[in-house]
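Before any comments, here is the structure.
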Amino acid sequence: MKKLFPALFILFLMFSCGQEQKSVQVGDPDNGGLTLPEGFSALVVADEIGRGRHITVNNNGDIYVSLAQHSENKGIVCLRDSSGDGKADIIQYTGQHTGTGIKLHKGYLYFGADTAVVRYPLTNGELVPGDNWQMIARGFPNERQHEAKPMAFDGKGNMYVNVGAPSNACMEQMRTKGSPGMDPCPLLEYSGGTWKFKDDVLNQDQMVDGVRYVTGIRNGMANFWNTAVDELYVVQHGRDQLDQFFPELYDSKDNAELPAEEFFLATEGSDFGWPYCYYDHLKEKKVLGPEYGGDGETQERCETKSDPIMAFPGHLAPNDLLFYTGNMFPEKYKNGAFIAFHGSWNRAPEPQKGYFVAFVPFDGALPSGDWEIFADGFAGTTEITSTRDAEYRPCGLSQGPDGALYVVDSNKGKVWKIMYSK
């Protein structure tokens, strides 16, 4: 027996080590097609789950993705990795809505349908949420553009919902050459900003129970409550087609860069100027839009509108925002912002841009340095003349319990897990 014990002990150690190695997650040999900074790797969690929009990850590692479309309105994809290798081996579809925003909050899965925010109950240990959903916020207009309803939570009982304006620049004749803008713009009464609701009160109506928290944002798809400073942040989709509607003032090169995609510190009561104004990052000022008599230089009322804390080149399409609080990534990323840029369509005939995840370092409430491309290669090509040329388009971001960064694509529903190892 004395001779047998060491042998059994060695076998036990070998078995244990083997089990540990099996559960270690490593990136795919090609990082799932992504280009990442040194020390980072990525693995593909799932390949094609549908037209993914936003994503959220539970404390146990379960993943939930919202879908823009589904034949049976099962707009929630539930993914679980039961083997520990980081790849989803259980994928189930559920829900009765399609849309964009999705967040885990207070034991529920909140979902941003295009005209409402609903929530589905979760049971500990169960992957798929229950069917008996509850209406949280309703009464949003039924629109055909900028209808997404992503939401953020402040941890103090409040929910903040993007209500995009169904317009380019509030023209009298929508997207018509030379048409003047409506002044005042009636769309701002019910859209073009962020509305605040209670996070657990049922059947709140936007115009009765909601509070317009900030205004002058054309479409704030990327929104996030930054717990480090207790403030809401939003990245805006800027207006389109300056050269097409006002060729006497702008050419195609101007239109490719303007206006900037604006990153806002959205303190309550702020007015960021849409549709009257846009931010010119090349001139570093907010100027009057041509629909309201602007010439690319004049500021007038725009001098009093709130400026962005950072500006990006035009038409990159910021679709999600996340402030990183994990411990996996190096210190430079702590409390910094990741932004998923979905990719442009309005830079033609210039090459289209975007299709990457950017990083912005922060010190307190404001950026502490320039933005940089963090994850690239989603498009699968460098020659992009149309959004159809891009193989994948990053749309949603989430942080896992281990500190990894998850990214979901909107073309096919590919999901990546981005990790760091020293």
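In region 292-366, which trypsin sites (Lys or Arg not before Pro) are in a loop and have at most 16 other Cβ atoms within 10 Å, using DSSP for the loop call?
334
Got a sec? Charge dipole of region 123-253, +1 on Cβ for Lys and Arg, -1 for Asp and Glu; which of 133, 181, 250 is way out at the positive end?
250
At 7 Å along the Cα-to-beta-carbon direction for both residue 123 and residue 251, put a label point, then send me their distance in nm to one decimal.
6.6
Using 5 Å bins from zero, what percent of all Cα-Cα pairs in region 94-207 falls into each bin?
2, 11, 20, 21, 16, 11, 8, 5, 3, 2, 1, 0
Rounded to whole Hz and in sequence order, give me ³J(HN,Hα) for region 298-313 from the Karplus expression 6.51 cos²θ - 1.76 cosθ + 1.60, θ = phi - 60°, writing x for Gly and Pro.
Each residue of region 298-313 in turn: 5, 9, 6, 4, 6, 4, 9, 7, 6, 7, x, 8, 7, 10, 10, x Hz.
At q = 0.20 Å⁻¹, what log₁₀ I(q)/I(0) does a Debye calculation on the Cα points of region 50-146 give, no solvent, two decimals?
One equal scatterer on each Cα of region 50-146 leads to -0.95.
Would you mind classifying region 305-422 by shape? Square roots of the alpha carbon gyration tensor eigenvalues, ordered a ≥ b ≥ c; an a/c under 1.5 is rounded, otherwise it is prolate if a/b is larger than b/c and oblate if not.
Since a/c reaches 1.5 but b/c is at least a/b, the shape of region 305-422 is classed as oblate.
At 10 °C and a viscosity of 1.306 mPa s, what translational diffusion coefficient does Stokes-Einstein give for the chain, taking Rh as the Kirkwood radius over Cα pairs? Give it in µm²/s as a whole number.
71
Please identify every one of the GluC sites (Glu not before Pro) in region 120-185 that sits in a loop by DSSP and has no more than 11 other beta carbons within 10 Å of its own beta carbon.
Here the sparse-neighbourhood loop sites are 126, 172.
So for the chain, taking the charge dipole from beta-carbon charges (+1 Lys/Arg, -1 Asp/Glu), which of 272, 339, 219 sits furthest toward the positive end?
339
Roughly how many whole Å is it from the C-alpha centroid of region 44-85 to that of region 312-386?
Region 44-85 and region 312-386 have Cα centres separated by 22 Å.
Test of the criteria: in region 20-118, which trypsin sites (Lys or Arg not before Pro) are in a DSSP loop and have at most 14 other Cβ atoms within 10 angstrom of their Cβ? Please list the in-between numbers first.
Details: sites: 22, 51, 53, 74, 80, 87, 103, 106; in loops: 51, 74, 87, 106.
Those satisfying the criteria are 106.
Restricting to the chain, compute how many DSSP beta bridges are antiparallel as a %, nearest 5.
Approximately 95 percent, going by the DSSP bridge assignments.
Please give the direction-averaged projected area of the C-alpha convex hull for region 244-360, in square nanometres with one decimal.
8.4
Quote the FRET efficiency, to the nearest 0.05, computed for residue 47 versus residue 244 with a Förster distance R0 of 25 Å and r equal to the Cβ-Cβ distance.
On the way: r = 38 Å, r/R0 = 1.50.
For residue 47 and residue 244, the calculated efficiency is 0.10.
Tell me the label-point distance for the pair residue 89, residue 35, using the 7 Å Cα-to-Cβ offset, in nm and rounded to one decimal.
3.5
Quick one: what are the phi-derived ³J(HN,Hα) couplings along region 60-70, Karplus 6.51/-1.76/1.60 with θ = phi - 60°, whole Hz, x for glycine and proline?
8, x, 5, 10, 10, 10, 8, 10, 6, 9, 7
Could you name the aspartates and glutamates whose alpha carbon sits less than 14 Å from that of residue 417, not counting residues in the same chain fewer than 8 places away?
In chain and number order, the partners are 28, 30, 47, 62, 81, 85, 376, 402, 409.
Could you give the angle, 0 to 90 degrees to the nearest 10, between helix 4-23's Cα long axis and the longest principal axis of the Cα atoms of the chain?
10
Note down the relative contact order for the chain as a percent, whole number, built from C-alpha pairs under 8 angstrom at least six residues apart.
Taking the mean separation of contacting Cα pairs over the length of the chain, I get 15 percent.
Restricting to DSSP H runs of at least four residues, report the calculated mean residue ellipticity at 222 nm for the chain, -39500 (n - 2.57) per run over all residues, nearest 500 deg cm²/dmol.
-2000 deg cm²/dmol
Read-outs: derived from the displayed coordinates by stated rules, not from any lab. Since the model is a prediction, treat every value here as computed from it, not as a measurement. All Cβ positions, even for glycine, are placed from backbone atoms using ideal geometry, and neighbour counts span all protein chains on display.
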